[in-house]
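Beneath this line is the structure, given in structure tokens, with notes to follow.
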Amino acid sequence: MPTARTIFTEIFADDEAFQLFCSIAARGEAQGGWENGRIAALVPRPQQDLAPKIARHGADEDKHGRIFNALLRARGLDPVLVPPETDYTMRLESAGIGLAHSRLRADEELTEQDIVAYLAHSRVTEQRASEQMQALCKSAGDRPDIGRAVRMISNDEDNHLAYCHEELLRLATAGHAEFIQRTLRATALAEIAIYRDVSTAVMSHLSRILGWSRTKSALLAAGIQAVYLYERLGGWRGMVSLRTPSRHNALGGPPPPHSTFAKRLGSEPGRPAANL
Ligand SMILES: [Fe+2]
Ligand SMILES: [Fe+2]
């Protein structure tokens with residue numbers, strides 16, 4: 001029976017599989033970085049205190065994208081095109097989860113409700129990121145080539161999740177509790193289906209690259225479906241709860257080096273910057 005560790009070992013041992021894995025990860029991180037950078041630039045005046053934290057969030061995601069690209073370069077590989085069916089962030093956006101990119105590309109200030117929606121979206125997706133990175137750390141955290149990078153990203157994702165809990169709890173107390181719960185529920189239910197579909201698509205690409213048998217592919221596909229069923233039958237509730245995090249003000253510090261996110265009008269990954 002394949003385990004997470006054996007699957008990751010196979011991916012890391014094959015250039016083409018590693019190239020696809022890192023390219024998908026880098027693309028998702030860069031997309032998250034762009035979204036957060038734009039939100040930070042468009043924060044409404046009464047919520048200005050949040051702008052540096054959102055900018056920091058974006059800078060972290062952007063840094064993660066650079067790290068995955070650096071892992072590729074270290075092996076003498078270039079990023080490859082990400083198949084659309086494996087693009088988690090774009091599929092969420094197409095499903096209307098989070099803030100529409102058309103809003104983020106426009107130069108119009110967001111509303112307080114937009115900020116709440118952004119945080120609710122992030123609370124769900126950051127939990128996914130945090131759990132995925134913890135799984136990657138468990139399976140590959142002791143590898144000399146990627147161990148340090150995945151541990152650093154994992155720590156950042158835990159910070160992002162803590163920040164979302166903290167800010168949503170504050171906004172719930174400020175009168176947004178019902179909207180937050182509604183948005184979290186809708187986001188979680190949409191996310192678990194998109195995560196299943198994206199996982200299935202990634203697995204099928206890896207299966208082709210790594211030459212897996214029909215049995216092995218079927219076992220992995222069944223595993224993905226079982227996770228979805230668990231989440232659909234109640235696991236999703238763990239993605240919508242709010243609790244005071246053990247890490248306070250997790251994004252309160254200065255942004256990581258080489259960050260220019262605070263007010264930048266950068267280009268959306270995969271799109272020219274011409275209109276911005
Ligand atoms: Fe990230
Ligand atoms: Fe994150």
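The values are calculated or read from the model by the stated rules, or taken from the named source; none is laboratory data. Model, not experiment: these values are computed from the prediction. Here the Cβ is made from the backbone with ideal geometry for all residues, glycine too, and neighbour counts use every protein chain on show. With ligands, DNA and RNA removed, areas are computed over all heavy atoms of the protein, side chains included. Shrake-Rupley method; radii C 1.70, N 1.55, O 1.52, S 1.80 Å.
Give me the log10 of I(q) over I(0) for the stretch 20-134 at q = 0.10, 0.11 Å⁻¹, as the Debye formula computes it from C-alpha points; what are the numbers?
-0.31, -0.37
Just want the answer: with Cβ charges of +1 for Lys and Arg and -1 for Asp and Glu, which residue in 121, 213, 181 is farthest toward the dipole's positive end in the chain?
Value: 213.
Just to be sure I understand the model, the point goes 7 Å from the Cα along the line to the Cβ. What's the resulting residue 10 to residue 108 distance in nm?
If labels sit at residue 10 and residue 108, their model points lie 4.9 nm apart.
How are the C-alpha pair distances of the stretch 206-254 spread across 10 Å bins, as whole percents from the shortest bin up?
It works out to 20, 25, 21, 22, 13, in whole percents.
How large is Rg/Rh for the stretch 161-263, to two decimals, with Cα atoms and a Kirkwood Rh?
Looking at the stretch 161-263, the ratio lands at 1.12.
Compute, for the chain, the length of the dipole vector about the Cα centre, with Cβ point charges of +1 (Lys, Arg) and -1 (Asp, Glu) only. Units Debye, rounded to 20.
That gives the chain a dipole magnitude of about 360 debye.
Relative contact order of the chain, please, whole-number percent, based on alpha carbon pairs below 8 angstrom and at least 6 residues apart.
Result for the chain is 29 percent.
Mind jotting down a quarter of the surface of the convex hull over the alpha carbons of the stretch 70-119, in square nanometres, one decimal?
Orientation-averaged projected area of the Cα hull: 5.3 nm².
Go ahead and set up a Gaussian network model of the chain, Cα springs under 10 Å, then flag whichever of 118, 230, 163 fluctuates most.
Its mean-square fluctuation being the largest, the pick is 230.
So how strong a dipole does the stretch 140-216 carry about its Cα centre when Lys and Arg Cβ are +1 and Asp and Glu Cβ are -1, to the nearest 20 debye?
That gives a dipole near 480 debye.
At a 1.4 Å probe radius, carbon and sulfur cover how many percent of the accessible area of the chain?
Within the chain, the accessible surface is 55 percent carbon and sulfur.
From the mean inverse distance of alpha carbon pairs (Kirkwood) and the Cα radius of gyration, derive Rg over Rh for the chain.
Taking Rg over the Kirkwood Rh, I get 0.96.
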